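What follows is one structure encoded as structure tokens, with my remarks underneath.
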């Protein structure tokens, strides 16, 4: 969108792409939504405040079920990640909008960053005992090298599968909606009779939009929780 070339420190290039622009917009949208929903100065909470508090309570419950009450220190990060992804997915369903999670760079970047952070955190907490998670309990000694290799590959593959799952599901849904919307537009534009008949597949298209919204919510949950 915007590019700046300036002879600063040799050759300095500053470019604002669609990805960067929408990331900034999503950041301010997320912060603005929480600011508007703030109930600090009101006695009666608004509908936005109730909805946001319900979302926070749901995420808090899921985090407690997964990592326990003793590890709620990670709740702010998980909640922020969940809300950022869910807003990115939902705003991507708006026509002529850009979905940053359909970028493999963003999806894999988030998954690899979280994977590296979790691994470093696990090593700092469990020290050498961390490597014991790669050895199944009750495993025969002869099978330890093979099973350790399998568990290690499975553990490393999570960083890729987490990002690819988010990217593939959102991209597939948006591609399907793009193809169907183009096809329906051509049918509605052909003639009145065809336009009337097209109302039937249009109802199916509306249901697919609802399904895509559900996928957006589910993928945000799967990625962050």
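The values are calculated or read from the model by the stated rules, or taken from the named source; none is laboratory data. Everything numeric in this text was worked out from a predicted model, so none of it was measured. Reconstructed Cβ throughout: ideal geometry from the backbone, glycine too, with neighbour counts over all protein chains shown.
Give the residue, chosen from 194, 164, that is within 24 Å of the chain's Cα centre (by Cα) and either surrounded by fewer than 13 Cβ atoms within 10 Å (Cβ to Cβ) or closer than 30 Å to residue 91 by Cα (or both).
Of the residues listed, the single one that is within 24 Å of the chain's Cα centre (by Cα) and either surrounded by fewer than 13 Cβ atoms within 10 Å (Cβ to Cβ) or closer than 30 Å to residue 91 by Cα (or both) is 164.
The numbered conditions (1) under 21 Å from residue 157 (Cα atoms); (2) surrounded by fewer than 19 Cβ atoms within 10 Å (Cβ to Cβ); (3) in contact with a helix residue (DSSP H, G or I) (Cβ under 7 Å, 6 or more places away or on another chain) are all true for residue 106 except (2).
When residue 5 is tested against the conditions (1) assigned to a helix (DSSP H, G or I); (2) at pLDDT below 85, the lone failure is (1).
Against the test of being assigned to a helix (DSSP H, G or I), under 15 Å from residue 23 (Cβ atoms) and without any contact (Cβ under 8 Å) to a residue 60 or more places away in the chain, the options 80, 124, 161 yield a single qualifying residue, 80.
Is the range 140-157 home to any residue that is assigned to a helix (DSSP H, G or I), under 24 Å from residue 84 (Cβ atoms) and touching a helix residue (DSSP H, G or I) at 6+ places or on another chain (Cβ under 6 Å)? Among the residues of the range 140-157, not one is assigned to a helix (DSSP H, G or I), under 24 Å from residue 84 (Cβ atoms) and touching a helix residue (DSSP H, G or I) at 6+ places or on another chain (Cβ under 6 Å), which makes the answer no.
Do we have residue 184 as more than 30 Å from residue 83 (Cα to Cα), surrounded by 13 or more Cβ atoms within 10 Å (Cβ to Cβ), in contact (Cβ under 8 Å) with a residue 12 or more places away in the chain and in contact with a helix residue (DSSP H, G or I) (Cβ under 9 Å, 6 or more places away or on another chain) here? When the stated conditions are applied, residue 184 passes them. Within the range 83-102, the only residue that satisfies the criterion of being under 11 Å from the mean Cα position of the chain (by Cα) and not in a helix (DSSP H, G or I) is 99. Against the condition surrounded by 13 or more Cβ atoms within 10 Å (Cβ to Cβ), modelled with pLDDT under 90 and either farther than 30 Å from residue 79 by Cβ or under 13 Å from the mean Cα position of the chain (by Cα) (or both), how does residue 171 come out, does it pass? In short, no.
Of everything listed in (1) out of contact with any helix residue (DSSP H, G or I) (no Cβ under 7 Å at 6 or more places or on another chain); (2) part of a helix (DSSP H, G or I), the single unmet condition for residue 205 is (1). Just one of the listed residues (63, 44, 73, 25) is in a helix (DSSP H, G or I) and more than 20 Å from residue 220 (Cβ to Cβ), and it is 73.
Quick check on my filter: what residues within the range 122-155 are surrounded by 12 or more Cβ atoms within 10 Å (Cβ to Cβ) and either closer than 28 Å to residue 106 by Cβ or at pLDDT 90 or above (or both)?
If the condition is that a residue be surrounded by 12 or more Cβ atoms within 10 Å (Cβ to Cβ) and either closer than 28 Å to residue 106 by Cβ or at pLDDT 90 or above (or both), then 122, 123, 152, 155 are the ones that fit.
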